[in-house]
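The values are calculated or read from the model by the stated rules, or taken from the named source; none is laboratory data. Here the structure is a predicted model, which means the values were calculated and not measured. Every residue, glycine as well, gets a Cβ built from its backbone with ideal geometry; the counts of neighbours run over all protein chains shown.
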Amino acid sequence: GSVIFEGIEYGPGVSDSKPKRGKALDLRRQVGMVFQQFNLFPHLSAIDNIALAVHSVTGKSKEEARERAALELKKVGLIKWAMNHPAQLSGGQQQRVAIARALSLDPKLMLFDEPTSALDPELVGEVLAVMRQLAETGMTMVVVTHEMGFAKEVGDQCIFMEDGYTVASGGADFFDTCTNERARQFIGSVL
């Protein structure tokens, strides 16, 4: 399949004058991704996990990259933990570092794949608070989640999937107006 992002189609078989890899790189540079397992380098501090991405991807100097990393850590409430390594951070803090790392590259779109599923239930709120702030700033986000309360509160468009297929979809009022029986059953069991 292919994806159309900002009017440009990306995918296998899409032809234009750019090599396929170059076109894929163009897309990846505009999209930030956060996964359930954080994917932080264990031997680097929080600030260096972020600065490495900024330096490697944008070519900014190491000093500029660390300045940008500090700015993003401040946004997610972790500047006090900048020098801590992942093992010294809670799961929620590690996930916020991962979010800061993605944001440090100025994405136009953020993808979140179950960003809270690997967290202790008490830590979920701090990650959702950062994501809520992103939504309030107008960041476009695609979020795969089982946090239905969050999806209901923040989502503009909602898709309910089962076994890899879209079962039901709708706008911001999806949770109140969905008529699909399977989706209603799920919503009723979790909200």
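From the list Arg68, Arg28, the lone residue that is among the basic types (Lys, Arg) and buried (at least 19 other Cβ atoms within 10 Å of the Cβ) is Arg68.
Only residues that are within 25 Å of Arg66 (Cα to Cα) and more than 9 Å from the chain's Cα centre (by Cα) were counted in the stretch 104-119, giving 5. Looking at Ser117, Ser104, just one residue is modelled with pLDDT of 95 or more and among the hydroxyl-bearing types (Ser, Thr, Tyr), and that residue is Ser104.
Quick grid of which residues meet (1) outside the structural domain of Glu136 (by TED's automatic domain parsing); (2) touching a helix residue (DSSP H, G or I) at 6+ places or on another chain (Cβ under 6 Å); (3) assigned to a loop (DSSP other than H, G, I, E, B); (4) on the phi > 0 side of the Ramachandran plot:
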residue	(1), (2), (3), (4)
Leu44	no, no, yes, no
Asp48	no, no, no, no
Val57	no, no, no, no
Lys60	no, yes, yes, no
Leu71	no, no, no, no
Gly92	no, yes, no, no
Val97	no, yes, no, no
Ala118	no, no, yes, no
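Residues in the stretch 76-84: is at least one of a type in the set (S, T, N, Q), assigned by TED's automatic domain parsing to the domain that holds Val142 and more than 12 Å from the chain's Cα centre (by Cα)? Yes: the stretch 76-84 contains one or more residues that are of a type in the set (S, T, N, Q), assigned by TED's automatic domain parsing to the domain that holds Val142 and more than 12 Å from the chain's Cα centre (by Cα).
Have a look at Ala151, Ala168, Ala135, Ala172 and point out the one that is touching a Gly at 6+ places or on another chain (Cβ under 7 Å), closer than 29 Å to Ile8 by Cα and in contact (Cβ under 8 Å) with a residue 12 or more places away in the chain. Explain how you work it out, then say what you get.
Numbers: Ala151 fails: touching a Gly at 6+ places or on another chain (Cβ under 7 Å); Ala168 fails: touching a Gly at 6+ places or on another chain (Cβ under 7 Å); Ala135 fails: touching a Gly at 6+ places or on another chain (Cβ under 7 Å).
Just one listed residue meets the conditions, Ala172.
Being assigned by TED's automatic domain parsing to the domain that holds Leu40, farther than 26 Å from Phe5 by Cβ and out of contact with any helix residue (DSSP H, G or I) (no Cβ under 7 Å at 6 or more places or on another chain) is a condition met by no residue of the stretch 157-173. Candidates are the residues of the stretch 112-123 that are surrounded by 17 or more Cβ atoms within 10 Å (Cβ to Cβ) and of a type in the set (A, V, I, L, M); the one that is farthest from Asn39 (Cα to Cα) is Leu123.
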